[in-house]
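Working notes, beginning with the structure itself.
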Amino acid sequence: MSDKPVLTTRQGHPVFNNQQQRTVGTRGPATLENYQFLEKISHFDRERIPERVVHARGFVAHGEFEAYGTIGDEPASKYTRAKLFQEKGKKTPVTIRYSTVIGGRDSSEAARDPRGFAVKFRTEDGNWDMVGNNLQVFFIRDAIKFPDVIHSLKPDPVTFRQEPNRIFDFMSNTPESMHMLTWLFSPYGIPANYRTMRGSGVNTYRFVNAQGEGVLVKFHWLTQQGEHNLTQEEANAIQAGDLGHASKDLYEAIERGDFPKWELNVQIMSDDEHPELDFDPLDDTKIWPREQFPYLPVGMMTLNRNITDHHNENEQAAFGTGVLVDGIDFSDDKMLIGRTFSYSDTQRYRVGPNYLQLPVNAPRPDVVVSTNQGGGQMSYGVDNRGDNPHINYEPSSIAGLREADESYREYRPFVSGQIMRAPIERQNNYKQAGETFRSFTDFERDDLIGNLVTNLQQCEKHIQEKMVWHFSQCDEDYGRRVADGLGLDYTTVRA
Ligand code: HEM
């Protein structure tokens, strides 16, 4: 007798034979009352949930965030009342999901693609999700363009192949993408693995303190493992043998006790329009220059625990930009607001209306979830309704739940203006892309030009010319070198 546990059905019935169906005689036919077989097969038929529409391939790990109690040289409370930052040494459990963006859930982790960097902080005030990327900027600055930018990057709807011609057709009509493209086609476009890459919140948020004062804030994760990237040739060699090298690297590091760390840094600006800047602080195609807005350290994250089940802790994990805690608030960044609708909307479709009851998404156990919501498919538990389960509404003179005290009052910025559809004023689409180009080393610039040329060679000539024109607006040398690589006459295209 083995000491293994006995196999059962989901009803708990011990299974006597898991090798054969019930049949009439040894050669069949099978009978319809094969309950054990039908349960096994029909559950198998439903094993997959829809993959994420973007960021389908990812890897999850757990760990903790330890606060410094300060933001730079100041007490954290100067800028934010978020409880997780207040005391030096305070630890908050975290769950992180790294991902690629465009490929399906079995695609290559060595693709030239942004990397997702989504962190769920399980705080005493409920969860805070910081859903960021490795690169610090994005292709677009208005959420209404997100389905288009993603369609251009995803496989062609007919050939189902990622087509540079479609990508650069869209990008050449989207000048704000030049900064992101400059990063994406440089070596930073293929991080070596998840442990050695940095992260950024990309969008602009607000910190709010106990006095109700707000500042604009950007978040950055700095890897303590050293930052490393791959050339296209190195990436090709890796993906020829392994599509999941980055997940493997992270999993194995945590298994051997080599726990990776990232320091959380913030950049802070006063909460106004900053007319003195040549960019808008709410524009996610821009970097806030570090010399003007220094990185201020706030704490360290360590990943120290692997998941035990990919489906439960990765496929069903749900991160979203609306998931903020008291002391951290939205800005009017038009991407952030659009994203905030999109995440929970897709998760209700992808995982189901009760996705927040799953352990990977629920707040930590000492946070009592008290709502009057109930029902829906796959409802697992009933939220706390106080001491009278009959009262699932509020207000009530009988029993039920009450609102939180004044200390949780939301930030109340004053907004007035005409409702319109209009681009932001300070677009400045090329300047930072040019600065980024010039900040690269010779090797990085060569790599960028080589990668762009390889991809643009597969595009129609009018698209090549339009892209060269945009690059020339960023930096003359940038445009000239791409034109030369494509065999185009730069002076004609530039004019
Ligand atoms: C308006 C623009 C955007 C929209 C509408 C959008 C929408 C989405 C959607 C629908 C998902 C799938 C979520 C799921 O199925 O659970 C997703 C995933 C993700 N997005 Fe965005 N996104 C936008 C921009 C961005 C930007 C700018 C970043 C980086 C800062 C970003 C980072 C991520 C990450 C990291 C994930 C994966 C989360 C995970 O690991 O589960 N997205 N996005």
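Derivation of every value follows stated rules applied to the coordinates shown; laboratory data play no part. Keep in mind that what you see is a predicted model, and the values were worked out from it rather than measured. Positions of Cβ are backbone-derived with ideal geometry, glycine not excepted, and every protein chain shown enters the neighbour counts.
Some points to look at:
- Scanning the stretch 185-202 for residues that are within 13 Å of the ligand (Cβ to nearest atom) and of a type in the set (A, V, I, L, M) gives Met197, Val202.
- If the condition is being among the β-branched types (Val, Ile, Thr) and within 16 Å of the ligand (Cβ to nearest atom), then the stretch 160-184 contributes only Thr174.
- Single residue of the stretch 146-159 satisfying the filter (surrounded by fewer than 18 Cβ atoms within 10 Å (Cβ to Cβ) and under 28 Å from Phe319 (Cα atoms)) that is nearest to the ligand (Cβ to nearest atom): Phe146
- Answer residue from the stretch 314-335, given it is within 11 Å of the ligand (Cβ to nearest atom) and charged (D, E, K, R) and is nearest to the chain's Cα centre (by Cα) among those: Glu315
- Residue that is farthest from Tyr194 (Cα to Cα), among those in the stretch 69-102 that are more than 16 Å from the ligand (Cβ to nearest atom) and basic (Lys, Arg): Lys78
- Members of the stretch 337-363 found to be within 8 Å of the ligand (Cβ to nearest atom), crowded, with 17+ Cβ neighbours inside 10 Å and not small (Gly, Ala, Ser), listed by number: Arg339, Tyr343, Gln347, Val351
- Qualifying residue in the stretch 128-136 (condition: touching a Lys or Arg at 6+ places or on another chain (Cβ under 6 Å), surrounded by fewer than 24 Cβ atoms within 10 Å (Cβ to Cβ) and under 22 Å from Val208 (Cα atoms)): yes
- Filtered residue count, the stretch 16-54, keeping only those that are more than 30 Å from Gly104 (Cβ to Cβ) and either touching a strand residue (DSSP E or B) at 6+ places or on another chain (Cβ under 6 Å) or of a type in the set (Lys, Arg) (or both): 5
- The helices (runs of 4 or more DSSP H) found entirely in the stretch 428-495 that carry 1 or more residues being within 31 Å of the chain's Cα centre (by Cα) and polar (S, T, N, Q) are 431-439, 442-456, 461-474.
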